[in-house]
């Protein structure tokens with residue numbers, strides 16, 4: 001699925017590249033999309049300050065979540081799909097009860113927009129990243145702040161927990177990706193991306209990390225912090241979002257020029 005400035009969501013056939021469905025419901029540009037882990041639900045976030053939950057099978061909206069007072073720019077489902085985390089330019093993040101469509105906790109601790117959010121795989125913690133240069137770890141059950149991470153020197157644009165929940169990766173406009181111990185908050189290592197980092201994604205097995213760098217995608221070995229491969233695109237434009245295929249053999253990258261590219265990443269055994 002992809003969303004763009006035309007307010008619509010496009011469902012694609014990944015094998016053929018053909019458009020399957022167009023979902024219409026938002027009144028302003030789409031900033032974030034995420035599927036629930038079971039693939040039955042799609043959540044979309046928009047500049048219109050709302051989140052729409054869609055039924056994947058019927059392509060119909062299930063409900064609209066409204067509590068933010070500015071653009072909603074990031075989303076993350078809990079592993080069981082019962083909770084949704086949203087980040088907004090109103091400086092808050094919200095943990096939602098998906099079935100009831102109501103906020104469980106409103107997380108306040110950032111001074112500027114919350115650009116990135118992530119649920120830990122076990123659902124006990126969430127992380128938020130902000131224009132205030134910080135990453136905050138929260139207790140997902142109580143909504144209480146656990147720790148603030150302050151190593152970045154510029155806007156935090158993206159973050160994600162590793163599939164096993166042991167590592168948190170954060171990317172920033174300072175051109176760095178920091179790998180953190182998700183339990184202690186200690187920095188493990190810094191990856192020098194060479195460009196503003198808009199997006200990152202772990203491979204399904206957690207051994208590799210993909211990051212966006214200008215028009216290119218960089219694939220890193222997580223355990224060593226080494227660059228394995230750079231996937232180059234023929235055009236210019238920041239890579240805004242990334243996703244691995246379930247088997248880890250492909251990476252989809254969406255650029256600011258509204259082009260989505262799918263890469264075969266090949267042998268990365270080194």
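The values are calculated or read from the model by the stated rules, or taken from the named source; none is laboratory data. What you see is a predicted model, and the numbers here were worked out from it, not measured in a lab. Methodologically, a virtual Cβ is constructed for each residue, glycine included, from the backbone with ideal geometry; neighbour enumeration extends over all protein chains shown.
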Check your understanding: On the given criteria, is residue 126 surrounded by fewer than 19 Cβ atoms within 10 Å (Cβ to Cβ) and either in a strand (DSSP E or B) or in contact with a strand residue (DSSP E or B) (Cβ under 6 Å, 6 or more places away or on another chain) (or both)?
Key -> no
Review point. Could you count how many residues in segment 2-33 are crowded, with 19+ Cβ neighbours inside 10 Å and either without any contact (Cβ under 8 Å) to a residue 12 or more places away in the chain or under 17 Å from residue 242 (Cα atoms) (or both)?
Key: 6
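How many of the residues in segment 182-194 are within 15 Å of residue 156 (Cβ to Cβ) and in a loop (DSSP other than H, G, I, E, B)? Walk me through it before giving the result.
Here is the first cut: in segment 182-194, the residues within 15 Å of residue 156 (Cβ to Cβ) are 185, 187, 190-191, 193.
Then keep just the ones that are in a loop (DSSP other than H, G, I, E, B); that gives 185, 193.
Residues in segment 182-194 being within 15 Å of residue 156 (Cβ to Cβ) and in a loop (DSSP other than H, G, I, E, B): 2 in total.
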**Study point:** Out of 251, 222, sole residue that is within 22 Å of residue 13 (Cβ to Cβ), surrounded by 14 or more Cβ atoms within 10 Å (Cβ to Cβ), modelled with pLDDT of 90 or more and in contact with a strand residue (DSSP E or B) (Cβ under 6 Å, 6 or more places away or on another chain)
**Key:** 251
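Quick one: would you say residue 80 is in a loop (DSSP other than H, G, I, E, B), out of contact with any strand residue (DSSP E or B) (no Cβ under 7 Å at 6 or more places or on another chain) and surrounded by fewer than 18 Cβ atoms within 10 Å (Cβ to Cβ)?
Working: in a loop (DSSP other than H, G, I, E, B): yes; out of contact with any strand residue (DSSP E or B) (no Cβ under 7 Å at 6 or more places or on another chain): yes; surrounded by fewer than 18 Cβ atoms within 10 Å (Cβ to Cβ): yes.
Yes, satisfied.
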Review point. Applying the selection to segment 1-49, what residues are at pLDDT below 80, more than 20 Å from residue 94 (Cβ to Cβ) and not in a loop (DSSP other than H, G, I, E, B)?
Key: 2
**Study point:** Qualifying positions in segment 138-154 - assigned to a loop (DSSP other than H, G, I, E, B) and surrounded by fewer than 20 Cβ atoms within 10 Å (Cβ to Cβ)
**Key:** 141, 142, 143, 144, 150, 151, 153, 154
**Study point:** Exclusive hit being touching a residue at least 40 places away in the same chain (Cβ under 8 Å), surrounded by 22 or more Cβ atoms within 10 Å (Cβ to Cβ), in contact with a strand residue (DSSP E or B) (Cβ under 6 Å, 6 or more places away or on another chain) and farther than 26 Å from residue 245 by Cβ, set 135, 177, 217, 197
**Key:** 135
Study note, to complete from the structure: Matching residues in segment 104-117 (closer than 10 Å to residue 93 by Cβ and assigned to a strand (DSSP E or B)) number 7
**Study point:** Residue in segment 155-173 that is modelled with the lowest pLDDT, counting only those that are assigned to a loop (DSSP other than H, G, I, E, B) and closer than 21 Å to residue 88 by Cα
**Key:** 173
Point to revise | Which numbered condition residue 244 misses (of (1) over 20 Å from the mean Cα position of the chain (by Cα); (2) modelled with pLDDT under 95) | key: (1)
